[in-house]
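One structure below.
The values are calculated or read from the model by the stated rules, or taken from the named source; none is laboratory data. Being a predicted model, the structure only gives us computed values, none of them experimental. Glycine gets a Cβ as well: all are built from the backbone with ideal geometry, and neighbour counts include every protein chain shown.
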Amino acid sequence: MGKGKHTYLWAMGALLYWVHYLIFHDPHHIFIYMLGDIAFVPLEVLLVVIVLQRLLHSHEKRALMDKLNIVIGALFSQVGTRLLGELTPAVVGGEEVRRRLAVGTEWSPRDFAAHAPTPQAPPPPAPRQDSPDRTRSQGQARMGPSATLGAGADQM
């Protein structure tokens with residue numbers, strides 16, 4: 001900001017305080033709140049700096065990720081096809097994968113649906129096996145709390 005803009009802000013603040021004085025005729029009140037406003041300025045600056053720093057950090061991180069994606073894309077455009085060609089023989093069922101990935105420009109939606117992987121049903125849950133401790137505690141719960149007191153409770 002230029003020198004004239006600072007002067008304008010100072011003049012605007014003084015004008016507003018003068019209007020406040022003309023309305024309420026209470027300089028004590030005006031100076032108390034002016035002191036509070038001035039005392040709060042460092043905290044406002046700190047909050048603004050923290051917010052700006054976080055915004056800049058997230059922007060830098062996003063820019064770095066974009067650059068990293070460019071580098072990875074360049075690597076795979078130079079080396080990726082050859083590397084995939086050399087690794088394909090090691091893939092189990094490589095012919096099936098190659099057949100599914102060989103998409104043609106003349107494919108219709110039905111062709112895409114025919115090559116879509118078939119969903120497999122999840123395996124059935126394993127049967128539960130109750131431990132002896134678990135069955136005993138369930139039996140006690142069915143009999144009620146008095147059954148757990150035992151013979152020693154009668155003798156008290």
In region 25-40, residues that are of a type in the set (D, E, K, R) and either within 21 Å of TRP10 (Cβ to Cβ) or at pLDDT 95 or above (or both) total 1
Does VAL48 satisfy the condition of being in a loop (DSSP other than H, G, I, E, B), out of contact with any strand residue (DSSP E or B) (no Cβ under 9 Å at 6 or more places or on another chain) and among the hydrophobic types (A, V, I, L, M, F, W, C)?
no
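Among the residues of region 98-108, count how many are charged (D, E, K, R) and part of a loop (DSSP other than H, G, I, E, B).
So the first thing to find is which residues in region 98-108 are charged (D, E, K, R), and the list is 98-100, 106.
So of that shortlist, the ones also part of a loop (DSSP other than H, G, I, E, B) come out as 106.
Here the count works out to 1.
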| task | Would you confirm whether any residue within region 57-78 is under 25 Å from HIS115 (Cβ atoms) and surrounded by 10 or more Cβ atoms within 10 Å (Cβ to Cβ)? | result | yes
- Evaluate region 54-74: report whether one residue or more is of a type outside the set (Asp, Glu) and in contact with a helix residue (DSSP H, G or I) (Cβ under 8 Å, 6 or more places away or on another chain). no
Qualifying residue in region 84-97 (condition: of a type in the set (S, T, N, Q), at pLDDT below 90 and part of a helix (DSSP H, G or I)): yes
When restricted to LEU9, LEU52, LEU22, LEU43, the only residue surrounded by 10 or more Cβ atoms within 10 Å (Cβ to Cβ) and at pLDDT 90 or above is LEU52
